[in-house]
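*Asks:* Can you read through this structure? Questions will come right after.
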Amino acid sequence: MASKDLPSSGARQRTAVIFLFDVALAAISFPIALYLRLGTGLFAYDWDLIVTSTSVFTLVAAAVIFQSKLHRIPWRYISVDDAMLLGRTALIINIAFLVVMFLTVRLDGIPRSSVVIDTMVLTALLIGARLSVRLWYEKQIGLLRISGDRTNTQSVLLIGATDEAEAFIRKMARDPKAQYRVLGIVETGSRPIGSRIRGIKIVGDVDKLPGIILSYRNILSSLVLADPDMRGEPVRDLLETARSHNLKLDRLPQISLLTKASAQEINVRPVDVEDLLSRPQAELDRDAMATLIGNKRVLVTGAGGSIGSELVRQVASFDPSHLTLFDNSEFNLYEIDRQLGEKYSTLSRSAIIGNVRDTDHVERVFSQEQPEIVFHAAALKHVPMLEPQPSQAVLTNVLGTKNIADATVRHGIDTMVMISTDKATHPVNAMGASKRIAETYCQSLDIDARKNNQTRFVTVRFGNVLGSAGSVIPLFEKQLRQGGPITVTHEEMTRYFMTIREAVELVLQAATLRDDTVDEGGAILVLDMGKPVKILDMAHEMIKLAGLTPREDIEIKITGLRPGERLYEDLFDDAEELLPTSHAAMMAARPRVADRAFVEKGISAMVQAAGAGDDIAVRELMARLIPDFTSAEVKVGQTPSSAQSPNATE
């Protein structure tokens, strides 16, 4: 055994002390149990028998305690599970003692009920000793609170009587150098006012927050949001309340998202723009997701991109039998593969560099990897960049999708999920048109395949994703770090937004739907994106979150619409039939789908023109396949304005 695997001398001494202490408690417990059973009659009892029985009990306890390794229980963090282990240990000790005494002296002179009593006494001693240590560290022994140094602490109100609030209060009580002192809890649910969590009082409802803040105005430093379900408009209201009283608004991490290491820290973070824009968590059928993915071979295209990498992480959490990462970017592929190696080291996986445009390579990947489910997230998506070069949009978004879809059919794969965009609805730019054509091709395949119970093609459409590559949030953050100006293309521009995590969760949920509406074939599943958000309002919020004043500390510059942009995005086309699904967070859109042969012929001609770099012909062919396509006038080869000035849109 390597020396690094051996316990240190300090650890061995600690183990020995704890072992001897537990054995001593066992030795004490037996006479106590006899006294509780016999009362003062114990003093007239056979003392030789008492000494012998206690000695045997102590030896049996030593053997059981040694085998149980009770020293591994952290006294400072004793939990209910630990208490149950200590109770089982006490029970085993007494049963073993009972067997030993029966085999040796047939239990002569020993009250049988003393064994039951000792089980309770020993359990109480083992748990009580550890609990006392925990309470000492939490400075709550008896009625006494030993006050630590509060010189550098911030006095806060917690918003939400939640598990997160309880964990935070517990952590602060245990830490002698805690940075926060909790004054009270503001309830966001239905807990009774005046009740307490670990001694901290619930002082009122969130509706009465301004008055509560005034009652603590001389000592209150900040508000800390502890309710993980509070997002969007309620958080914006809290932020305005905090600003009006010159307070900060911070947030606790969601307990379910804490790793084992980070659970001891519970770092408080500032509220960010995702908190202001996202919605409460949609109800998800994780069992259905696990059934879809668990023990299956899964392939993700665009695995290193913003959506693709989050897909990879969530798919990995459902324990597929093998996960194939397919991406054109060497660095992005390396990065997501590295992350998987750290978090899911035993997961069978392969990272393959390749381009979805390459028909032959795609076929080799499918033959080699033999996926059972395909998530197609590879795409070119930057509107102004693609507008003067629509051929590139066609080669990746149309030909690439066709290559993946055709390989899916050839290999008899059960399900292919295609990620689409709201820019595919009555498109006005090359990127949106290319995605709409890709939708149309997958729809035509889906209609044909469902007739024969073959491959399911699930197309999922949603709007902008917060924090994705090339999106507005990272751009604004960069401009803020540089001191401005923040660039917005138009005062009235709005966009739908969703966090990456939310979008991917609903993509996985969409893949599990087996509604009649979907199973008829050809439907596009559209995620509920909530209300559209003004880009200008988002700029204002981000400036305020940075502690600055819009148009005073940071200039906001209106730069004008870029090629291919429009003021508003729609999730549905006017010609699409809208149908409900079994999941409240998504609708089904059933567009009119052209004949498959017509679609394939149009795509073939378009790909041929794109391969030749004939952008004018590409636009004309796009308009033939999508009658409502109205492209902005852009000269072929024109440098996108985004290359000259980084503006705010996606």
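The values are calculated or read from the model by the stated rules, or taken from the named source; none is laboratory data. As the structure is a computational prediction, the values presented were derived from the model and not from experiment. For neighbour counting, all protein chains shown are included, and Cβ atoms are generated from backbone atoms with ideal geometry for every residue, glycine included.
*Asks:* Against the condition outside the structural domain of H411 (by TED's automatic domain parsing) and either more than 22 Å from the chain's Cα centre (by Cα) or crowded, with 21+ Cβ neighbours inside 10 Å (or both), how does R357 come out, does it pass?
*Replies:* When the stated conditions are applied, R357 passes them.
*Asks:* Then there's this: I'd like the full set of residues that are at positive phi and surrounded by 15 or more Cβ atoms within 10 Å (Cβ to Cβ), limited to segment 512-557. Break it down stepwise before answering.
*Replies:* Kept after step one, since they are at positive phi, are these residues of segment 512-557: 521-522, 530, 547, 551.
If the condition is that a residue be at positive phi and surrounded by 15 or more Cβ atoms within 10 Å (Cβ to Cβ), then G521, G522, G530 are the ones that fit.
*Asks:* From the residues in segment 101-122 that are farther than 14 Å from V56 by Cβ and of a type outside the set (K, R), which one is surrounded by the fewest Cβ atoms within 10 Å (Cβ to Cβ)? Lay out the reasoning, then the answer.
*Replies:* Going through segment 101-122, the residues farther than 14 Å from V56 by Cβ turn out to be 111-113, 116-117, 119-122.
Of the ones still in play, those that are also of a type outside the set (K, R) are 111, 113, 116-117, 119-122.
Values: P111: 14, S113: 11, V116: 15, I117: 19, T119: 19, M120: 16, V121: 24, L122: 27.
So the residue we want is S113.
*Asks:* Out of the residues in segment 80-130 that are of a type in the set (S, T, N, Q) and touching a residue at least 60 places away in the same chain (Cβ under 8 Å), which is farthest from D22 (Cα to Cα)? Before the answer, list the steps.
*Replies:* Initial filter on segment 80-130 (of a type in the set (S, T, N, Q)): 89, 94, 104, 113-114, 119, 123.
Subset that is touching a residue at least 60 places away in the same chain (Cβ under 8 Å): 113-114.
On the way: S113: 23, S114: 19 Å.
Only one residue tops the list, namely S113.
*Asks:* So, one more: Kindly indicate the residue of segment 149-166 that is part of a loop (DSSP other than H, G, I, E, B) and surrounded by 15 or more Cβ atoms within 10 Å (Cβ to Cβ) and also modelled with the lowest pLDDT among those meeting that condition.
*Replies:* As a first pass, look at segment 149-166 and keep what is part of a loop (DSSP other than H, G, I, E, B): 149-153, 160-162.
Still in the list and also surrounded by 15 or more Cβ atoms within 10 Å (Cβ to Cβ): 153, 160-162.
On the way: T153: 76, G160: 88, A161: 86, T162: 85.
Among them, the one singled out is T153.
For (1) surrounded by fewer than 16 Cβ atoms within 10 Å (Cβ to Cβ); (2) outside the structural domain of C442 (by TED's automatic domain parsing), each residue gets a yes or a no:
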site	(1), (2)
D319	yes, yes
D327	no, yes
R349	no, yes
F366	no, yes
A379	no, no
Q389	no, no
G400	no, no
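*Asks:* While we're on this one: Can you name the residue in segment 244-266 that is surrounded by fewer than 13 Cβ atoms within 10 Å (Cβ to Cβ) and modelled with pLDDT of 75 or more and, of all such residues, is farthest from R217 (Cα to Cα)?
*Replies:* Going through the qualifying residues, I end up with S244.
*Asks:* Here is a follow-up. For segment 425-441, does any single residue satisfy the condition of being more than 19 Å from E620 (Cβ to Cβ) and of a type in the set (F, W, Y)?
*Replies:* First pass over segment 425-441, keeping only residues more than 19 Å from E620 (Cβ to Cβ): 425, 439.
Still in the list and also of a type in the set (F, W, Y): none.
The answer is no, given that none of the residues of segment 425-441 is more than 19 Å from E620 (Cβ to Cβ) and of a type in the set (F, W, Y).
*Asks:* Let me ask something else. Name the single residue that is farthest from V533 (Cα to Cα) among those in segment 185-221 being surrounded by 18 or more Cβ atoms within 10 Å (Cβ to Cβ) and of a type outside the set (A, V, I, L, M, F, W, C).
*Replies:* My answer is G204.
*Asks:* Another question, if that's okay. Counting residues that are at pLDDT 95 or above and of a type in the set (D, E), which helices (runs of 4 or more DSSP H) fully inside segment 343-402 reach at least 2?
*Replies:* Details: elements: 359-369, 383-386, 390-393.
In segment 343-402, the matching helices (runs of 4 or more DSSP H) lie at 359-369.
*Asks:* Has segment 595-612 got at least one residue that is assigned to a loop (DSSP other than H, G, I, E, B) and at pLDDT below 80? Write out each step before concluding.
*Replies:* Our first condition is that a residue be assigned to a loop (DSSP other than H, G, I, E, B); within segment 595-612, this holds for 595, 612.
Next cut, at pLDDT below 80 only: 595.
Checked against the condition, which is being assigned to a loop (DSSP other than H, G, I, E, B) and at pLDDT below 80, segment 595-612 yields at least one hit.
*Asks:* Quick one: what pairs do we get from segment 450-461, first residue part of a strand (DSSP E or B), second surrounded by fewer than 17 Cβ atoms within 10 Å (Cβ to Cβ) and of a type in the set (D, E), C-beta under 8 Å, 6+ apart or different chains?
*Replies:* R456/D414
*Asks:* Starting from segment 46-71, keep only residues that are modelled with pLDDT of 80 or more, then list their pairs with residues that are of a type in the set (F, W, Y) whose Cβ atoms are within a distance under 7 Å, requiring at least 6 positions of separation or different chains.
*Replies:* S53/F30; T54/F30; V56/F97; F57/F30; F57/F97; V60/F97; I65/F19; F66/F19
*Asks:* Please work out which residue is modelled with the lowest pLDDT, limiting yourself to segment 284-308 and to residues that are in contact with a helix residue (DSSP H, G or I) (Cβ under 8 Å, 6 or more places away or on another chain) and surrounded by fewer than 24 Cβ atoms within 10 Å (Cβ to Cβ).
*Replies:* L284
*Asks:* Continuing with this model, one more query. List pairs: first residue in segment 587-600 and in the same structural domain as I437 (by TED's automatic domain parsing), second residue acidic (D, E) and part of a helix (DSSP H, G or I) anywhere in the structure, Cβ distance under 7 angstrom, at least six positions apart or on different chains.
*Replies:* Hits for this filter: R596/D448.
*Asks:* For segment 193-222, how many residues meet the condition of being under 30 Å from the mean Cα position of the chain (by Cα), assigned to a loop (DSSP other than H, G, I, E, B) and under 17 Å from A161 (Cα atoms)?
*Replies:* Looking only at that region, the number is 1.
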